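*Asks:* What follows is a structure written as structure tokens; I'll ask about it next.
The values are calculated or read from the model by the stated rules, or taken from the named source; none is laboratory data. Keep in mind that what you see is a predicted model, and the values were worked out from it rather than measured. Positions of Cβ are generated from backbone atoms using ideal geometry, with glycine treated the same way; all protein chains shown enter the neighbour counts. The protein model used for the area step is the full one, side chains on, heavy atoms only, and it has no ligands, DNA or RNA in it. Shrake-Rupley method; radii C 1.70, N 1.55, O 1.52, S 1.80 Å.
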Amino acid sequence: MTRSVLAVALIIYNLLAVSTGVGARCEACPNCDWENISPTQGNACLNYWTCSGDTISCNYPSVANPGTWTTCSYSASAVSSCFLTAVHAYLLNNFQGWGLTAGPSNICFSAAGVNDGCQPGNDPYNTGTSACTASYGYVGEYNSAPL
């Protein structure tokens, strides 16, 4: 009897955790890319993302081509092979998830990353449900408007 009650409680907890975001894990777009707007302003940052299948595309304002976007796409099928040192991983804010499949490698991070809790707006793909959190999301970070 006690085991069946415990089993039911665990099932209910897991269902609530997935549906409420508690304990959820999402693949997330990096907050900013490597394209530097200026020494004082910093890098170009995430404006919006799209999600389709197991691919997320993260869109940043282009510094080289004002008024346009740089798109960095990441996929579960592309495991990042870059070697990250401890300092490099810290600088990347621990974005070590899906690998880069499209976008300029000198501007885009080599990998997207895991976002525990699926809280901020830069989390297109819920790994717990193996599905996009939405097909599109506007983030509008600092330094994210077209130049």
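*Asks:* What number of residues within region 115-147 satisfy the criterion of being more than 17 Å from Thr50 (Cβ to Cβ), touching a Cys at 6+ places or on another chain (Cβ under 7 Å) and among the β-branched types (Val, Ile, Thr)?
*Replies:* Of the residues in that region, 1 qualify.
*Asks:* Right, next: Considering only residues that are hydrophobic (A, V, I, L, M, F, W, C) and surrounded by fewer than 24 Cβ atoms within 10 Å (Cβ to Cβ), look in region 28-61 and name the one that is nearest to Tyr136 (Cα to Cα).
*Replies:* Result: Cys51.
*Asks:* Filter region 28-43 for residues that are assigned to a strand (DSSP E or B) and among the hydrophobic types (A, V, I, L, M, F, W, C) and give the result.
*Replies:* Within region 28-43, Ala28, Cys32, Trp34, Ile37 qualify.
*Asks:* Inside region 99-124, can you point out the residues that are more than 22 Å from Pro61 (Cα to Cα) and buried (at least 19 other Cβ atoms within 10 Å of the Cβ)?
*Replies:* Those that are more than 22 Å from Pro61 (Cα to Cα) and buried (at least 19 other Cβ atoms within 10 Å of the Cβ): Asn115, Cys118.
*Asks:* I want to confirm something. Restricting to region 125-144 and keeping residues that are under 25 Å from Ile37 (Cα atoms) and assigned to a loop (DSSP other than H, G, I, E, B), which single residue is least open to solvent (accessible area, probe 1.4 Å)?
*Replies:* Looking at the filtered set, the residue picked out is Ser144.
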